[in-house]
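Got a structure for you, questions after.
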Ligand code: SF4
Ligand code: SF4
């Protein structure tokens, strides 16, 4: 397993693609429980459980709210440039399961 | 156990991480009472009579407060029959009010129209109705006369009240293994979801396991049925030993006992798994200083269980990665070594191991038995059983968890 992945997700055909150029945040219905390998993610609305498999990814998810877009969040969290695409993929997965959501300006 | 425990790896697969345990359980079963109106032949917790030492309402609330602090986001509530506790509905609301969702298992005895409507209005609660036969004839032989009718009435009430996503929970036995399609049709007719789990030789299940556990041919059919129907059916990941037939079944293929799974029993004792009510798997009690959190995080037993298996016959098996040697409780209560094959090992090693057991072997018996002592109305006819009580047999190690 490479990258910070959260596992494969099937994308419904009518899904809006993930847009990393806008502001995001952890959904208010989501709780993160720290675990030795990262965090357990629980969505109180859809009762879905998933996992963040690295601590840096946990930091990124928490930091999203404070930055205008994904790239600046990743830079602020000191994620090496080469890993940015992997993080964007992981965040896209999280957005599909509604763990993170677009901030309304 | 070795003095130096292996270190948790960084990164890698989640299943490898889970072997080292989590800071709080994912699949916590909480049995609220040993009391039950039924006397099922295979009850995993040998329930029947209430224990006078059961947690009081205030103590149960304190456990919920602690689960909230530990961020245990939901619990599987069972028993005994949890709804016969007079404070059951209060504790349900209390838990939900404290961010601890509740999935509870019941034989349906208290689910009249009014309760069904109440449940349908409540967010954050899941109901599982136990049914061990798709027909009254098959069901009532193990669960007792009238128990099929009770369960069906509860299902009707829930469906009529507009309850969403309720479950029909089936323990697969030799007698109902041929009814899987019928179970599916019955469940669909109520707009419910089917959940099937494995029979383990735990509690009174030990007394009937030889007679009731599925045959090898049935296991094979079940495996193919799961591959074909798996998407629409929940299993609590309880059939992972079947993965050794070939293709891995979806879900967590790992014994989660003490790692991601545990049981709090009605008197507050914490066991590694709901199917392991035996002093060997008792880690502590929620009433002791430090409460549940200390037991979960620091008990010697759980620390010991949180390491990958490195020795034993199974580690040399080609299917070990898929099957991981199967279920700890099933091995223990059939008197097999914990690092060897599961008694239902699909490669046949379990049967050999069972046959090779010492003739004088006395299988481990739990000293915890709350079975009814006198006759019980409608008691199961299986084996012409004397008088024994009932229970919903299944909290799910890791039901419905998306682990991909
Ligand atoms: S495999 Fe058996 S002992 Fe392990 S968690 Fe599941 S039921 Fe319990
Ligand atoms: S020998 Fe052990 S690992 Fe191999 S299939 Fe049997 S129970 Fe599973």
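Looking at segment A:12-105, what strands (runs of 3 or more DSSP E) fall wholly within it and have at least 1 residues that are within 13 Å of chain B (Cβ to nearest Cβ) and either under 13 Å from the mean Cα position of the chain (by Cα) or under 27 Å from residue B:9 (Cα atoms) (or both)?
A:30-35, A:38-43, A:49-52
Here is a follow-up. Go through segment B:336-379 residue by residue and tally those that are within 19 Å of the chain's Cα centre (by Cα) and either in a helix (DSSP H, G or I) or closer than 18 Å to residue B:40 by Cβ (or both).
Adding up the residues that qualify gives 5.
Next question, about the same structure. Checking the conditions here, which among B:346, B:376, B:362 is more than 16 Å from ligand 1 (Cβ to nearest atom), away from chain A (no Cβ under 14 Å) and crowded, with 16+ Cβ neighbours inside 10 Å?
Only one candidate passes the filter, namely B:376.
Still on this structure, I have one more. Step by step: first the residues of segment B:280-301, then only those that are on the phi > 0 side of the Ramachandran plot and more than 22 Å from the chain's Cα centre (by Cα), then the one that is surrounded by the fewest Cβ atoms within 10 Å (Cβ to Cβ). Which residue is that?
That would be B:290.
Return the pairs, sorted by first residue and then second, in which the second residue is loosely packed, with under 13 Cβ neighbours inside 10 Å and outside any loop (DSSP other than H, G, I, E, B), the first residue lies in segment B:362-387 and is modelled with pLDDT of 90 or more, the beta carbons are less than 9 Å apart, and the residues are 6+ apart or on different chains.
Filtered contacts from segment B:362-387: B:368/B:279.
Quickly run through segment B:197-211 and pick out the residues that are touching a strand residue (DSSP E or B) at 6+ places or on another chain (Cβ under 9 Å) and part of a helix (DSSP H, G or I).
B:205
Now a separate question. For segment B:5-32, which residues satisfy the criterion of being under 30 Å from residue B:50 (Cβ atoms), more than 7 Å from every other protein chain (Cβ to nearest Cβ) and in contact with a helix residue (DSSP H, G or I) (Cβ under 8 Å, 6 or more places away or on another chain)?
B:25, B:28, B:30, B:31, B:32
If you take the residues in segment B:241-252 that are within 14 Å of ligand 1 (Cβ to nearest atom) and part of a loop (DSSP other than H, G, I, E, B), which one is farthest from the other protein chains (Cβ to nearest Cβ)?
Residue satisfying both the conditions and the ranking: B:249.
Matching residues to (1) at positive phi; (2) touching a helix residue (DSSP H, G or I) at 6+ places or on another chain (Cβ under 7 Å):
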{"position": "B:305", "(1), (2)": "no, no"}
{"position": "B:318", "(1), (2)": "no, no"}
{"position": "B:326", "(1), (2)": "yes, yes"}
{"position": "B:341", "(1), (2)": "no, yes"}
{"position": "B:347", "(1), (2)": "no, yes"}
{"position": "B:359", "(1), (2)": "no, no"}
{"position": "B:365", "(1), (2)": "no, no"}
{"position": "B:368", "(1), (2)": "no, no"}
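Any residue in segment B:50-72 that is more than 23 Å from the chain's Cα centre (by Cα), within 14 Å of chain A (Cβ to nearest Cβ) and not in a loop (DSSP other than H, G, I, E, B)?
Looking for residues that are more than 23 Å from the chain's Cα centre (by Cα), within 14 Å of chain A (Cβ to nearest Cβ) and not in a loop (DSSP other than H, G, I, E, B), one finds at least one in segment B:50-72, hence yes.
If a residue has to be without any contact (Cβ under 8 Å) to a residue 40 or more places away in the chain and more than 14 Å from chain A (Cβ to nearest Cβ) to count, how many in segment B:83-141 make the cut?
Of the residues in that region, 16 qualify.
The values are calculated or read from the model by the stated rules, or taken from the named source; none is laboratory data. Treat the numbers as computed from the prediction; the structure is a model and nothing was measured. So basically every Cβ, Gly included, is an ideal-geometry build from the backbone, and we count neighbours across all protein chains shown.
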